[in-house]
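The values are calculated or read from the model by the stated rules, or taken from the named source; none is laboratory data. Computed from a prediction, not measured in an experiment: that's the story for all the values here. When we count neighbours, we look across all protein chains shown, and the Cβ atoms used for this are built from the backbone with ideal geometry, even at glycine.
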Amino acid sequence: MKAAWLARAAYSLALVVVIAALTHFAALLMIPAVAERDAFARVAALAPPFKTVALPAASPKSRDFPYADPAVAAAVCVYDLSAGPVRAHAALGRASFASLSFHSRRGVVFYALTDRAANRGRMEALIVTPEQLRTLVARDDEDNPTEDLRIVSPTTQGFVMARVLTGGAGEAADAAAQAAAMSCGLEPITEADK
Amino acid sequence: MTTVLKALVIAVAGLGLGLWATRAALSSAGIAADRLGQWRIEARAGAADADPYTRARVERDGEIPLGLGEGLRLTTREDSDGHALDPACVYRFGPQAPPARFWTLEAVDREGFPLENAAERYALRSSEILRQPDGGFAVFVSPRAHAGNWLPVSGSRPFALALRLYDPALSGAAVGGERASAPSIVRERCG
């Protein structure tokens, strides 16, 4: 009698564990698809497309972007490739470190470059879809190779983020101005191949 | 009737346990990460092939991760002896950091936001710390002002330290031989 009861209890417990495991993995895989407040959503709520907006400095009070570095001034620019490729560029200043990173709609950093990779005093890249890249490559002039750094975005929408280190408390305004000087704007293909 | 009730209890218990485990896994520090000494390296937070735990945590929290080409964030919730970091204690961080062009050290709460402090000093930069002639340094993490390099902490809840390496010589994948440069966090005294 007791053995039968034990067996039933063990069976119930096993069922609970199996359901728990299934729930756990289902929830884990669903979170990225259903998360409404992901980084892109938070950025898009602050910045209209193609407009550079400075992110609030990290502090205990601004709680939108966890793990943002308080020693870094940041600005974002949301892009949309449905009307053509988008050129992003940032000028270099006196900061000891500056970078541009490219974030997809799904929160993946698909490219990043630092001021070490800067060309003639600026960091610049052309963001394209796979189709736009094919069009551009087909129109490339072999004798006159492009100087553009072309980056394929895995999603049509996304955002560019500029980070500039503030060397010290007194340099926060300089760094913020340098970060906000970043821009992203449409560059229709018809003009790109002129 | 009792069978239906039992099935219901089992289903609810299973669902509850599953959701609880998911929540616990996403807020704990221990899953699927490269480590440097006691430090957890968040190298893959922004990667397309990040593990599902990292993916879910980043999407849910809204973090804008550093790209691999930019820098790395290292995080720890414990001192070098494995005790949780307590804001009532004085810790000594050093004597070196992993090689990078620039680094910053920040005290954060469990959600990743800076700790409240009157001086509004939320992070220390590698460029502003005092060093010994051999390049070694000590940063004191404590609730009250400390001579030398001081990073203030506050509150009563356990905190974490975030060390960000910009342009690191260390990549997320190749940390095996770099243990020697993992900075230590030694508890000096408490209260």
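Condition first: closer than 19 Å to A:LEU149 by Cβ and modelled with pLDDT of 90 or more. Now tell me which residues in the stretch A:175-194 satisfy that. Before the answer, list the steps.
We begin by selecting, within the stretch A:175-194, every residue closer than 19 Å to A:LEU149 by Cβ; these are A:181-189, A:191-194.
Within the stretch A:175-194, A:ALA181, A:MET182, A:SER183, A:CYS184, A:GLY185, A:LEU186 meet the criteria.
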Fill in the blank from the handout: When (1) within 18 Å of the chain's Cα centre (by Cα); (2) surrounded by fewer than 18 Cβ atoms within 10 Å (Cβ to Cβ); (3) outside any helix (DSSP H, G or I) are applied to B:ALA24, the one that fails is (3)
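Where residues in the stretch B:30-69 are part of a helix (DSSP H, G or I) and β-branched (Val, Ile, Thr), which of them is farthest from the other protein chains (Cβ to nearest Cβ)?
Quick first cut of the stretch B:30-69, residues part of a helix (DSSP H, G or I) only: B:52-61.
Narrowing further to those that are β-branched (Val, Ile, Thr): B:54, B:58.
Values: B:THR54: 10, B:VAL58: 6 Å.
That would be B:THR54.
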Completion exercise
Scanning the stretch A:121-132 for residues that are closer than 22 Å to A:MET161 by Cβ, out of contact with any Ser or Thr (no Cβ under 8 Å at 6 or more places or on another chain) and not in a strand (DSSP E or B) gives A:GLY121, A:GLN132
Exercise for the section: Taking only the stretch A:112-124 into account, find how many residues are more than 7 Å from chain B (Cβ to nearest Cβ), more than 15 Å from A:THR52 (Cβ to Cβ) and touching a Leu at 6+ places or on another chain (Cβ under 9 Å). Expected result: 5
Completion exercise
When the stretch A:63-99 is checked residue by residue, the ones that are under 14 Å from the mean Cα position of the chain (by Cα) and within 14 Å of another protein chain (Cβ to nearest Cβ) are A:PHE65, A:ALA68, A:ALA74, A:ALA75, A:VAL76, A:CYS77, A:VAL78, A:ALA88, A:SER99
Practice task
Restrict the check to the stretch B:5-20 and report whether at least one residue is buried (at least 16 other Cβ atoms within 10 Å of the Cβ) and under 20 Å from B:LEU165 (Cα atoms).
Solution key: no
Practice task
Using the structure shown, decide if B:GLY69 is modelled with pLDDT of 90 or more and either surrounded by fewer than 18 Cβ atoms within 10 Å (Cβ to Cβ) or polar (S, T, N, Q) (or both).
Solution key: no
Fill in the blank from the handout: Within the stretch B:70-86, residues within 15 Å of the chain's Cα centre (by Cα) and part of a loop (DSSP other than H, G, I, E, B) come out as B:ARG77, B:ASP79, B:SER80, B:GLY82, B:HIS83, B:ASP86
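Counting only residues that are of a type outside the set (A, V, I, L, M, F, W, C), touching a residue at least 60 places away in the same chain (Cβ under 8 Å) and more than 8 Å from chain A (Cβ to nearest Cβ), how many does the stretch B:98-138 have? Walk me through it before giving the result.
Start the filter on the stretch B:98-138 by keeping residues that are of a type outside the set (A, V, I, L, M, F, W, C), which leaves B:98-99, B:101, B:104, B:106, B:109-112, B:114, B:116-117, B:120-122, B:125-128, B:131-136.
Of the ones still in play, those that are also touching a residue at least 60 places away in the same chain (Cβ under 8 Å) are B:98-99, B:101, B:104, B:110.
This time we only want the ones that are more than 8 Å from chain A (Cβ to nearest Cβ), so: B:98-99, B:110.
Result for the stretch B:98-138: 3.
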Exercise for the section: Hey, can you tell me all the residues within the stretch A:146-179 that are within 11 Å of chain B (Cβ to nearest Cβ) and among the charged types (D, E, K, R)? Expected result: A:ARG163, A:GLU171
Completion exercise
Selection over the stretch B:88-121 where residues are within 17 Å of B:ARG157 (Cα to Cα), assigned to a loop (DSSP other than H, G, I, E, B) and not hydrophobic (A, V, I, L, M, F, W, C) yields a count of 6
Handout entry: Selection from the stretch B:70-86 of residues that are at the interface with chain A (Cβ under 8 Å from one of its Cβ atoms) and in contact with a Ser or Thr (Cβ under 8 Å, 6 or more places away or on another chain)
Key = B:GLU70, B:GLY71
